[in-house]
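Read-outs throughout are calculated quantities, based only on the coordinates presented, and are distinct from any laboratory measurement. Quick caveat, the model's predicted, so the values are computed rather than measured. Here the Cβ positions follow ideal geometry from the backbone for every residue, glycine too, while neighbour counts run over all protein chains shown.
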Amino acid sequence: ESFWSLLSRAPGLIKTKMRTVLLVVSFAFQAASSLVLPFAKAGREKIKSDLLQLALRTERGLTASPAENDEVIRLFEQLEKLNPTRKPLKSGLVDGVWSLEYTTSESILGKGGFPRVGPILQEIDTENLRGENSEIVSYFGVSVPRKVTAELNPRNDQLTDVKFKRFSVGPIGFNAPDSFRGFLDITYVDDNLRLTRGDKGNIFVLTRFDSGKK
């Protein structure tokens, strides 16, 4: 067989070899993924469990020692690196009602002030770009519901600006000052857990709210 005939067949031979190589690489990648992904998910679930147990033990952070707070932040940052959702605000997972499990914000916890009674809730509606925070505060033994509504203005697929619109304390409602603004940076979300960073440097750990949960 002449050199020229071999040369004319070269493109076909190269394509065949390349196809074979790609098939082998694809198979190897799928095999590796099938082995690695279960371990990655198991590791993520373990971190979630440790984080939520610590949040429960410290009453959402209200009684957290500096060492416990540091441990929460460490677990928080580990989970951020394992975020399974690339575009949180477009995923549909962010929508719904969430219950605050831990935060570093002393004002939200009511540290040194009036205690919060029951869950601290946040509802997000990405389709209509609306949010709402609600809680019940005990004023000298009297439980009073408080709520604030907000308008969302996403900057990208993960971070949204927040403009607070209206506050209500019991039956009394009033418009929020125009300067009451912030942002939510959603750094992790899955079916039942959301991690968020706020504009004042605080972190928030939330779980999807189950209204039937005692």
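Each label was represented as a point 7 Å from its Cα along the Cα-to-Cβ direction; for ASP157 and SER65 these points are 4.2 nm apart. Placing +1 on each Lys and Arg Cβ and -1 on each Asp and Glu Cβ, with no other charges, gives segment 98-193 a dipole about its Cα centre of roughly 560 debye. Pair-distance distribution of segment 89-129: all C-alpha pairs, bin width 10 Å, starting at 0; shares per bin in whole percent are 25, 41, 26, 8. The order of the peptides 108-117, 166-175 by mean Cβ neighbours within 10 Å, most packed first, is 108-117, 166-175.
What's the long-distance tail for segment 95-214, i.e. % of Cα pairs beyond 18 Å? Please report the intermediate quantities before stating the final value.
Working: 3847 of 7140 pairs.
So the portion of pairs separated by more than 18 Å is 54 percent.
One Cα centroid belongs to segment 152-200, the other to segment 69-147; the line between them spans 10 Å.
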